[in-house]
């Protein structure tokens, strides 16, 4: 496209988009967000207040009568209506329970403190019931009236929170800081009460991501960050106290002590904290900030983001504007109120991460546990990278809508790798290398960023580092520490992989040899495309060839991906419903995980017709009815990352209409409103990003590429305005789930995909839809 024509098209698109925004109630998309979606049914979302990509997230920690287990990965389960505090940090949709963070629960107690809150191991005393009728959650603000008579109202900025607590008249008013009580426990904690300055400060030394996980969880029962906080109040303290384990110290000002990372009774009754007392009936305003670097960092964050005269209303309004700004990257036209809520809540969840971890002065805690400063040109340090999940959809949505954030995130991951002896960890929580899952998702992620036009990071340095990880064996690759689930080797037994062209199930030191091979093949293919774009034909050829290693774990005799041993023999007995040789999924699901070579996979299956028949059976029961949820290990699972791209494979198999009907069925029946509206773990926005793409009628073809697969959009119109990128307008005419015709910038488009230039140049997609399946 010529530069003058591109400029003219952009002007037209902006005018169309501005008109749509002015005419549509979606001009304020935050109005359509329901943070409670996904808060039960395994979605593991949290309803509390947070800013886009924010560091702090004020959200409830619930209890089922056990101070060491909340019943949900993020500390909140919709069906549990008793809570023990409001925590300061959360991770959206993590799959293990408990997952991470939930640091420093703060509980408003309308009663005397006569015993150690830690000794209340069943949460019978220092907890309160609540009703969902008294709960109000919205982007950037959370309100809850507790059954104990205290009303709470909190809003957040990126690094701070401001809240009010209205205590009931005639009852003691206490605020408990359960400093040591992070979701997974803690190694140490400290609490300091300062009545003179009406201030509480402290920190918790914790980490332990997925710390109780059965498959290798003990490997991560360790600390890797210390969260510092400072809280200031507008009302005087009329009393103070601290506790450690079962000992209460009325009038105390300072206390230390952690809970450990053990499970069950070994942790119960341990830990420390403090409380401050106010006059009965007090209306208390708290201003609070956090930092992963230092207490002084928290104080600077508070000064910078939360003026002394700030109010909850004012902060909530500002953060709501920020959410409208980011959610407004996509303006939906038409659709029912319910569908709009599902869409904008999915976009909201997708844009909750990555999470800010640097302070206002640019300092952050590195993976070497030392303070570091941002690199030249870097705006912020981000973390919380659920790589195995995110690289399939959430990463692409981030690159499309927020390329500046994506570039900062890429630089952040590179910074961490430099601080970790060159190792790119699969699942980074704050500054912790957790080793969770399998494959090399960092390679797939950064290659995708680069392919989609993200450039504000050290592209050459990142590529060279990832290439070294993919080609130079490391000693930890021969260890079994943490296996399965948290294997320390990021490219486990790489020398064997390079020699054998597959990961041997009996010698890989990994979580399933077949899964490792399939994951690494995708990563290497993506790196190969990146190498080609950098002009390195030799490395591109090498890595592209390695992208074909998936064939070495495809058994022609069974027609499925199957693990192999070092001697080349197939692991037996074989059952496609089994997860033997795979990570968190069956052979039947993983077999489809070849998005970069669908034609080759179809050929291996015996041809397109055979592949289509198998794909049909993957989505349907024996009578041809839809089976899209809970069908067992032989069927599609919308919560299982290795197969979430499967509905789009029909495009490349010559039957795009089946992609259109399958995607629409999932969009219309699997994603709903209400607390159980997500099909499963949101996995740091992955499932939500899938929905956003599907509702737009687009989906990323394969990691390392900017190509998009097509389906029928779910809304009459959509205007996509990436940050600094080329606008996209999507419009539909007609009714139905099948694409009768499509025009791109007014020209008929008969392909089942959009080329990589589409995202660079933008354009107008005009769909004509039909309720009738097209003729063969």
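The values are calculated or read from the model by the stated rules, or taken from the named source; none is laboratory data. As the structure is a computational prediction, the values presented were derived from the model and not from experiment. Quick reminder, even Gly has a Cβ in these numbers, built from the backbone with ideal geometry, and neighbours come from all protein chains shown.
List of remarks:
- Out of 444, 462, 470, sole residue that is farther than 21 Å from residue 498 by Cα and part of a helix (DSSP H, G or I): 462
- Residue check, residue 293 over 29 Å from residue 365 (Cα atoms), outside any helix (DSSP H, G or I) and touching a residue at least 24 places away in the same chain (Cβ under 8 Å): no
- Of the criteria (1) outside any helix (DSSP H, G or I); (2) outside the structural domain of residue 684 (by TED's automatic domain parsing); (3) buried (at least 16 other Cβ atoms within 10 Å of the Cβ); (4) out of contact with any strand residue (DSSP E or B) (no Cβ under 7 Å at 6 or more places or on another chain), which one residue 304 fails: (1)
- Residues that are touching a residue at least 40 places away in the same chain (Cβ under 8 Å) and either farther than 12 Å from residue 697 by Cβ or out of contact with any strand residue (DSSP E or B) (no Cβ under 7 Å at 6 or more places or on another chain) (or both) within segment 758-771 comprise 758, 759, 760, 761, 762, 763, 764, listed in sequence order.
- In segment 740-757, the residues that are part of a loop (DSSP other than H, G, I, E, B) form Cβ pairs under 8 Å with partners that are modelled with pLDDT under 95, at six or more places apart or across chains, as follows: 745/9.
- Those strands (runs of 3 or more DSSP E) lying entirely in segment 344-430 with at least 1 residues surrounded by 24 or more Cβ atoms within 10 Å (Cβ to Cβ): 363-365, 427-429
- Residue match in segment 578-593 (condition: surrounded by fewer than 19 Cβ atoms within 10 Å (Cβ to Cβ) and closer than 22 Å to residue 709 by Cα): no
- Matching entry among 387, 366, 314, 334 (being closer than 30 Å to residue 198 by Cβ and modelled with pLDDT of 95 or more): 314
- Looking at segment 36-120, the strands (runs of 3 or more DSSP E) lying wholly inside it that each contain 3 or more residues that are within 19 Å of the chain's Cα centre (by Cα), surrounded by 24 or more Cβ atoms within 10 Å (Cβ to Cβ) and touching a residue at least 12 places away in the same chain (Cβ under 8 Å) sit at 57-62.
- Residue in segment 517-536 that is touching a strand residue (DSSP E or B) at 6+ places or on another chain (Cβ under 7 Å), farther than 28 Å from residue 435 by Cβ, surrounded by fewer than 17 Cβ atoms within 10 Å (Cβ to Cβ) and at pLDDT 95 or above present: no
- Lone unmet requirement of (1) touching a helix residue (DSSP H, G or I) at 6+ places or on another chain (Cβ under 7 Å); (2) surrounded by 24 or more Cβ atoms within 10 Å (Cβ to Cβ) for residue 477: (2)
- Of note, residue 243 satisfies the criterion of being at pLDDT 95 or above and assigned to a strand (DSSP E or B).
- Residue satisfying all of: in segment 220-240; assigned to a loop (DSSP other than H, G, I, E, B) and farther than 20 Å from residue 199 by Cα; modelled with the highest pLDDT among these: 222
- Top-ranked residue in segment 575-618 [being assigned to a loop (DSSP other than H, G, I, E, B) and without any contact (Cβ under 8 Å) to a residue 40 or more places away in the chain; ranked as farthest from residue 647 (Cα to Cα)]: 575
- Only listed residue being outside the structural domain of residue 547 (by TED's automatic domain parsing) and either within 28 Å of residue 353 (Cα to Cα) or buried (at least 21 other Cβ atoms within 10 Å of the Cβ) (or both), chosen from 767, 715, 719, 693: 767
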